[in-house]
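Inspection log for the structure reproduced underneath, given as structure tokens.
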Amino acid sequence: MKTAFIYTDAYLDYDYGPAHPLQITRLKLTYDLIKGYGLLDLPSVEFIPTVKAEEKDLAVFHGEEYLNILKQANEGHFVGDAYLYGLGPGDNPIFPGLFDWSLLLAGATLQAIDFIVSGKGEVAFNIAGGLHHAMRSRASGFCYINDPVIGIMKLLSRGKRVAYIDIDAHHGDGVQKAFYESNRVLTISLHESGGTLFPGTGFECEIGEGEGEGYSVNLPFPPYTDDEVYVWTFEEVVPELIHAFRPDVVVTQLGVDTFHDDPLTNLDLSILGYERVLKGIKELALRWVALGGGGYNISNVARAWTLAWAIMNGIELREELPEAFLEKAVKMGIEEKELRGRLRTPLQSQSRENKAEMERVVRYIKETVLPKVKS
Ligand SMILES: [Zn+2]
């Protein structure tokens, strides 16, 4: 099996701003940890330096007017009607190089797709991708362009059937919306309920429309859902859905903002639950394009995506973090010395209630959605 890791230090040329939760340094930290463990030196691994996408690549999904606004905003100054397109102070700030940043991360996703479609290998990981909230003509939730949609559209143009699995704490709304009426893309999003978290969508009754009915699957978790309930829910429905659909390629958004100590969300997962789900995906995804996503505790991001990359390559890592990485991490205020960090026990008192809620959701999916999914 061959795998590809797509990355460039040029990501660090861009910055959402010092007070913004999305710190691009987390990508460098992840790269450093992966490299520190020697996971780019394996004979089966191809390291692919990121090459920017071209504007026409974004235009397959995004509107021309919106792309023009992004291009103008690339200077870092507020322009014309930018706020009408979701840009401005707050979630989607205008910063210098905003459009170049978008071209870079979308380029990496397209490189990951090319690696798989060309038959060079089976798994490719773009940690900078997974910006699942961007809409056709609107920035949303730190996302200016929707690289999962652009990548999936490329796969469709090559005649592939695609399953998209999104494990970010936030609903994968932009991707769901893009393929809501399609039966060639099965979207499955596991997320904190829209009742308590942005973007406020992703309820189980959102199942797709027209030909796409049954091909949008949502698993909304109550706040404080722990590893046990989360993994149980994943195992109850995701393998069965994938087996029913039989995709050519699986695209995943691997957000790490589901963890108990993520500053923006309210789920209660640990890296152990994340690991179980990643191993589950590995068994299901014979051809796998893995994208990054959210995650606002940078220690969690680096350790979880390193673990994910190890799983993609079938490698067991030692628990002690590499010395060179630790020296750097300490200076950034990171306390964890071990890959999986300090283990913790789930909040049992919440667990029973959450299990009952997810049993209801799972029953709904099995009775109402699964029978509609065909290969
Ligand atoms: Zn998120």
In 10 Å bins starting at zero, report the fraction of Cα pairs in the range 66-183 per bin as a rounded %.
14, 43, 31, 11, 1
Relative contact order as a percentage, the chain, C-alpha pairs under 8 Å and 6+ apart, gives 18 percent
Rg and Dmax of the range 17-112, Cα atoms only, in Å:
16.2, 51
Using the Karplus curve 6.51 cos²θ - 1.76 cosθ + 1.60 with θ = phi - 60°, work out ³J(HN,Hα) for each residue of the range 146-153 in order, rounded to whole Hz, and write x for Gly and Pro.
9, 5, x, 5, 4, x, 5, 4
For residue 217, distant residues with modelled amide H under 5 Å away
187, 188, 189
Rg/Rh for the range 111-246 to two decimals, with Rh computed the Kirkwood way over all alpha-carbon pairs.
0.95
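Decide, for the range 188-252, between rounded, prolate and oblate: order the square roots of the alpha carbon gyration tensor eigenvalues as a ≥ b ≥ c, take rounded if a/c falls under 1.5, and otherwise choose prolate if a/b is larger than b/c, else oblate. Walk me through the numbers before you get to the answer.
Working: a/c = 2.31, a/b = 1.28, b/c = 1.81.
Judged from the Cα gyration tensor, the range 188-252 comes out oblate (a/c at least 1.5, b/c at or above a/b).
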Cα gyration tensor of the range 234-375, axes a ≥ b ≥ c as square roots of the eigenvalues: rounded (a/c below 1.5), prolate (a/b > b/c) or oblate?
oblate
Suppose we look only past 33 Å in the calculated P(r) of the chain. What percent of the Cα-Cα pairs does that tail hold?
24 percent
Expected vector for the range 63-73, Karplus 3J(HN,Hα) from phi with 6.51, -1.76, 1.60 and θ = phi - 60°, integer Hz, x for Gly and Pro, equals x, 4, 4, 5, 4, 5, 4, 4, 5, 5, 6
At a Förster radius of 22 Å, what calculated FRET efficiency corresponds to the Cβ-Cβ distance of residue 196 and residue 367, to the nearest 0.05?
0.30
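Over the range 42-193, how many pairs of lysines fall under 16 Å by alpha carbon, counting only those 8 or more apart in sequence or from different chains?
Value for the range 42-193: 4.
Treating only the Cβ atoms of Lys and Arg (+1) and Asp and Glu (-1) as charged, compute the dipole magnitude of the chain about its Cα centre; round to the nearest 20 debye.
Numbers: 36 positive and 53 negative charges, 165 e Å.
The calculation lands at about 800 debye.
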Taking amide H positions as placed 1.01 Å from N in the peptide plane, with prolines and chain starts having none, which residues 5 or more places from residue 135, or on another chain, fall under 5 Å of its amide H?
140
Efficiency of FRET from Cβ geometry, residue 2 and residue 353, R₀ 51 Å, rounded to 0.05
0.70
The range 55-184: relative contact order from alpha carbon pairs under 8 Å, six or more residues apart, as a whole percent, is 24 percent
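Readers should treat all values here as calculations from the given coordinates under stated rules, not as data from a laboratory. Just so it is clear, the structure is predicted and the values come from calculations on it, not from any experiment. As a convention, Cβ positions derive from the backbone with ideal geometry for all residues, glycine included, and neighbour counts pool all protein chains shown.
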